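**Student:** Have a look at this one.
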Amino acid sequence: MTSRVIPLIDSRVAMPPRAVHEYVETPAVGDLADKLGRPLRDLRISVTDRCNFRCTYCMPKEVFDSDYRFLRHSDLLTFEEIARLAAAFVRHGVEKIRLTGGEPLLRKDLHKLIAMLSPLRTQGGNELDIALTTNGSVLARKAQQLADAGLKRITVSLDGLDDATFRRMNDVDFPVRDVLAGIDAAAAAGMTPVKINMVVKRGVNEREIVAMARHFRGTGHIVRFIEYMDVGTSNGWRMDEVVPSREVLQRIAEEFPLEPLDARYSGEVAERWRYRDGQGEIGVISSVSQAFCRDCTRARLSTEGKLYLCLFAHQGHDLRALLRGNGAQGLTEKKIEEAIGRIWSARADRYSELRTEATPAMPKVEMSYIGG
Ligand code: SAM
Ligand code: SF4
Ligand code: SF4
């Protein structure tokens, strides 16, 4: 039986947020680099910490049960606040925004947020890329509405095609069929290529690796195989449950020969491969076996407006306080930009590069709260 680490402290926020004024230097807007010289290019925004799935590797039922304290609605950033912060990040050079969660499509009227963010596309140096990651459970109903609001790119998570395996992994008995319908609806609404995320866990869904590759070959969709990570403190992660990406590639290549593709841009998370017979491409995300911290350009904005500089961080920086403090309007746009600049400039995170047997037990925020 797997031993679980049940957090003794509030697993969402292990430490109080740092006050933004702890940092002193203020770099010029658009010219940001952290302490390791990494620019700020990607922002992941969690729009809810709630989810209708209980994937065993992310929100295990034993922890995320009826007693779990999810955020109150009044704690969440409003769409107006998210759009305001997103604009400040774009002025700082962010080129990619991903809406995530929890399950982002559970947030009411999410298409309205997408419509509010769409004008930012043309306001930075390069065109802003806006994407969404979803478990696909309600996508069949919502795909067209999201596309109409301006969403062009979507990632759908699906951990296998075998129904019994998938139901066990989402742990709410959700069927594969409905997620596949969501993927079809996204494609029909023009959000192509659809990316499909599969977390691979040893002894749980290894058999689904080749099945997923076979199913989606030739469809134009891109399956990305993700190494199971030690995010948060509740999933009972063990190194021996990680299937390294090189093994994933080997298994697929035995049936469908592969060749590597160049990265499209520096800091791309997935390593890209294509089928030699021209039937499309796949990706592998190897944050355990091959850490990519040195190119990490990602920041994460939690559902309640705390800025996290690493997926494995335990402390966020309270941007909501800046928006809501100092009277009805909060701080000016310039002050907010300055605060973001100061926070990013002090960043030195590189958890995956420093991972040891001991680090999984360190306090960390949960992925469902910080945004995957
Ligand atoms: N609920 C949405 C979904 O599942 O797509 C969005 C949020 S989820 C946290 C974002 C991504 O993180 C998903 O593709 C999920 O499979 C992945 N993920 C969650 N826990 C993980 C873990 N322990 N290791 C690797 N990936 C994980
Ligand atoms: Fe929910 Fe996504 Fe986490 Fe699964 S991975 S529990 S769908 S937030
Ligand atoms: Fe970036 Fe942190 Fe992941 Fe390293 S561990 S790639 S710094 S999010």
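The values are calculated or read from the model by the stated rules, or taken from the named source; none is laboratory data. Here the structure is a predicted model, which is why all the values come from computation and not from measurement. Glycine also receives a Cβ, built like all others from the backbone with ideal geometry; neighbour counts cover every protein chain displayed. In case anyone asks, the SASA skips ligands and DNA or RNA and just uses the protein heavy atoms, side chains included. Shrake-Rupley method; radii C 1.70, N 1.55, O 1.52, S 1.80 Å.
**Student:** Of all residues in segment 210-240, how many are under 16 Å from M198 (Cα atoms), open to solvent by 20 Å² or more (accessible area, probe 1.4 Å) and within 13 Å of ligand 1 (Cβ to nearest atom)?
**Tutor:** The total comes to 3.
**Student:** Hey, does segment 244-257 have a residue that's part of a strand (DSSP E or B) and not aliphatic (A, V, I, L, M)?
**Tutor:** Start the filter on segment 244-257 by keeping residues that are part of a strand (DSSP E or B), which leaves none.
No, every residue in segment 244-257 fails to be part of a strand (DSSP E or B) and not aliphatic (A, V, I, L, M).
**Student:** Working only within segment 164-198, note down all residues that are assigned to a helix (DSSP H, G or I), under 20 Å from H221 (Cα atoms) and open to solvent by 50 Å² or more (accessible area, probe 1.4 Å).
**Tutor:** First, the residues of segment 164-198 that are assigned to a helix (DSSP H, G or I): 164-170, 176-188.
Going one step further and asking which of them are under 20 Å from H221 (Cα atoms), we end up with 166, 176-188.
If the condition is that a residue be assigned to a helix (DSSP H, G or I), under 20 Å from H221 (Cα atoms) and open to solvent by 50 Å² or more (accessible area, probe 1.4 Å), then R177, D178, D184, A188 are the ones that fit.
**Student:** So which residues in segment 199-213 are part of a helix (DSSP H, G or I) and free of Cβ contacts under 8 Å to residues at least 60 places away in the same chain?
**Tutor:** Filtering segment 199-213 down to residues part of a helix (DSSP H, G or I) leaves 208-213.
Correct list: E208, I209, V210, A211, M212.
**Student:** Please note which helices (runs of 4 or more DSSP H) are completely contained in segment 271-372 and include at least 3 residues that are more than 30 Å from G218 (Cα to Cα) and either within 16 Å of ligand 1 (Cβ to nearest atom) or under 23 Å from the mean Cα position of the chain (by Cα) (or both). I'd like the intermediate steps shown before the answer.
**Tutor:** Details: elements: 319-324, 333-345, 351-354, 367-370.
Where helices (runs of 4 or more DSSP H) fall fully within segment 271-372 and carry at least 3 residues being more than 30 Å from G218 (Cα to Cα) and either within 16 Å of ligand 1 (Cβ to nearest atom) or under 23 Å from the mean Cα position of the chain (by Cα) (or both), they are 333-345, 351-354, 367-370.
**Student:** Also: Would it be correct to say that G325 is open to solvent by 20 Å² or more (accessible area, probe 1.4 Å), under 26 Å from R264 (Cα atoms) and free of Cβ contacts under 8 Å to residues at least 12 places away in the same chain?
**Tutor:** Details: open to solvent by 20 Å² or more (accessible area, probe 1.4 Å): yes; under 26 Å from R264 (Cα atoms): no; free of Cβ contacts under 8 Å to residues at least 12 places away in the same chain: yes.
Here the answer is no, as G325 does not meet what is asked.
**Student:** Hey, another quick one. Name, by its number, the condition in (1) crowded, with 17+ Cβ neighbours inside 10 Å; (2) of a type in the set (G, A, S); (3) within 15 Å of ligand 3 (Cβ to nearest atom) that does not hold for S266.
**Tutor:** (1)
**Student:** Within segment 106-122, is there a residue that is within 16 Å of ligand 1 (Cβ to nearest atom) and in contact with a Ser or Thr (Cβ under 7 Å, 6 or more places away or on another chain)?
**Tutor:** So far as segment 106-122 goes, yes, one or more of its residues are within 16 Å of ligand 1 (Cβ to nearest atom) and in contact with a Ser or Thr (Cβ under 7 Å, 6 or more places away or on another chain).
**Student:** Give the residue that is most open to solvent (accessible area, probe 1.4 Å), with candidates limited to residues of segment 82-110 that are away from ligand 2 (no atom under 16 Å from the Cβ) and closer than 14 Å to T48 by Cα. Talk me through it step by step, then tell me what you get.
**Tutor:** Filtering segment 82-110 for residues away from ligand 2 (no atom under 16 Å from the Cβ) gives 82-97, 108-109.
Now drop any that are not closer than 14 Å to T48 by Cα, which leaves 82, 108-109.
Working: I82: 2, K108: 157, D109: 52 Å².
Here the answer is K108.
**Student:** If you don't mind, there's one more thing I want to ask. Only one residue in E366, E338 is farther than 23 Å from C55 by Cβ, away from ligand 3 (no atom under 11 Å from the Cβ) and touching a Ser or Thr at 6+ places or on another chain (Cβ under 7 Å). Which one? I'd like the intermediate steps shown before the answer.
**Tutor:** Details: E366 fails: farther than 23 Å from C55 by Cβ.
Just a single option satisfies the conditions, and that option is E338.
**Student:** Next question. Starting from segment 219-230, keep only residues that are assigned to a loop (DSSP other than H, G, I, E, B), then list their pairs with residues that are open to solvent by less than 30 Å² (accessible area, probe 1.4 Å) and basic (K, R) whose Cβ atoms are within a distance under 9 Å, requiring at least 6 positions of separation or different chains.
**Tutor:** H221/K195; Y228/K201; D230/K364
**Student:** What pairs come out if I take residues in segment 42-71 that are near ligand 2 (Cβ under 9 Å from one of its atoms) and pair them with residues that are of a type in the set (V, I, T) and open to solvent by 50 Å² or more (accessible area, probe 1.4 Å) whose C-beta lies under 6 Å away, six or more apart or interchain?
**Tutor:** Every condition considered, the pairs that remain are F53/V172; R54/V172.
**Student:** Looking at segment 153-163 only, could you name the residues that are open to solvent by 10 Å² or more (accessible area, probe 1.4 Å) and either under 12 Å from N135 (Cα atoms) or of a type in the set (D, E, K, R) (or both)? Let's see the steps before the verdict.
**Tutor:** Step one: list which residues in segment 153-163 are open to solvent by 10 Å² or more (accessible area, probe 1.4 Å), which gives 153, 157, 161-163.
The answer is R153, S157, D162, D163.
**Student:** Determine whether S245 is away from ligand 2 (no atom under 16 Å from the Cβ) and among the hydroxyl-bearing types (S, T, Y).
**Tutor:** On the way: away from ligand 2 (no atom under 16 Å from the Cβ): yes; among the hydroxyl-bearing types (S, T, Y): yes.
In short, yes.
**Student:** Another one. Where the second residue is outside any helix (DSSP H, G or I) and of a type in the set (F, W, Y) and the first is touching a residue at least 12 places away in the same chain (Cβ under 8 Å) and lies in segment 353-371, which pairs have Cβ atoms under 6 Å and are six or more apart or on separate chains?
**Tutor:** P360/W237; K364/F312; I370/Y308
**Student:** Turning to a different aspect of this structure: Out of G136, G124, which single residue is part of a loop (DSSP other than H, G, I, E, B), more than 16 Å from ligand 3 (Cβ to nearest atom), modelled with pLDDT of 95 or more and crowded, with 17+ Cβ neighbours inside 10 Å? Spell out how you get there, then give the answer.
**Tutor:** Numbers: G124 fails: modelled with pLDDT of 95 or more.
None of the other options fit; the residue is G136.
**Student:** Among the residues of segment 287-305, which ones are of a type in the set (G, A, S) and surrounded by fewer than 17 Cβ atoms within 10 Å (Cβ to Cβ)?
**Tutor:** Quick first cut of segment 287-305, residues of a type in the set (G, A, S) only: 287, 289, 291, 299, 302, 305.
Correct list: S289, A291.
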